[in-house]
Amino acid sequence: MGWRKILETEHRLVLEVADAADMECAHIEATGTVRADRVGEMFGFFRYFCDGLHDPKEADLLYARCRRRGMTDQDEPLEQMIGEHEWCRAKLDGLEMSLETMSRDDRAAALDFAARLREYIEVVRCHIAVEEELFFDTAQHYLTSNDLLELTAEFEAVHSDEVEEGVASYWEDVAHRLSATESQTA
């Protein structure tokens, strides 16, 4: 499948859940209420799929190999990619904390929550766009043809394990279910 195709396929799942989160924000803005269970499931996806499976592939395989070829954490666009991963984790922490402590009938808090969730979603979308439209090409200029072959083998080994263990299909099902649920309730 190739390292880039694996990451782009995972990005499609992230964007599918981002779309569902956008629809949930529209619901919050229209009603002044947060459906905590649904939002909690979305946060679970972002936390465990993005932070737990997707981002480590980028950081531990792709970014690490780019560093071995001379790219530094201060070089653009790697600096941006790393910074956005950190920002997204911190923002998600804050959103999860707000979800846990928010009063169900506090319209102002719900609207503030929706605005902060939209900001998170926008950064996720921007991150994916920059990664696919700029960083991946930049990385390919740093890496040798042997690096690219080894990187593909590493990504395919991880992906194969995820498929074999059912992890890949589990998260794909979660993304599709969240998207379908939001489409039906919008």
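The values are calculated or read from the model by the stated rules, or taken from the named source; none is laboratory data. Note that this is a predicted model, so its numbers are computed, not measured. Methodologically, a virtual Cβ is constructed for each residue, glycine included, from the backbone with ideal geometry; neighbour enumeration extends over all protein chains shown. Note: accessible area is taken over every heavy atom of the protein model, side chains too, but ligands, DNA and RNA are not part of it. Shrake-Rupley method; radii C 1.70, N 1.55, O 1.52, S 1.80 Å.
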Of Ser103, Ser98, the only residue that is without any contact (Cβ under 8 Å) to a residue 24 or more places away in the chain, assigned to a helix (DSSP H, G or I) and surrounded by fewer than 18 Cβ atoms within 10 Å (Cβ to Cβ) is Ser98
All conditions in (1) open to solvent by 10 Å² or more (accessible area, probe 1.4 Å); (2) modelled with pLDDT of 95 or more; (3) part of a helix (DSSP H, G or I) are true of Phe46 except (1)
- Query: Regarding Glu41, is this residue closer than 30 Å to Leu111 by Cα, charged (D, E, K, R), crowded, with 19+ Cβ neighbours inside 10 Å and at pLDDT 95 or above?
  - Reply: no
Scanning region 63-116 residue by residue, those under 21 Å from the mean Cα position of the chain (by Cα) and more than 26 Å from Ala129 (Cβ to Cβ) turn out to be Met97, Ser98, Leu99
- Query: in contact with a helix residue (DSSP H, G or I) (Cβ under 8 Å, 6 or more places away or on another chain), open to solvent by 60 Å² or more (accessible area, probe 1.4 Å) and not aromatic (Phe, Trp, Tyr), is that true of Ser169?
  - Reply: yes
The residue that is most open to solvent (accessible area, probe 1.4 Å), considering only those in region 49-66 that are in contact with a Leu (Cβ under 8 Å, 6 or more places away or on another chain) and under 20 Å from Ser145 (Cα atoms), is Leu61
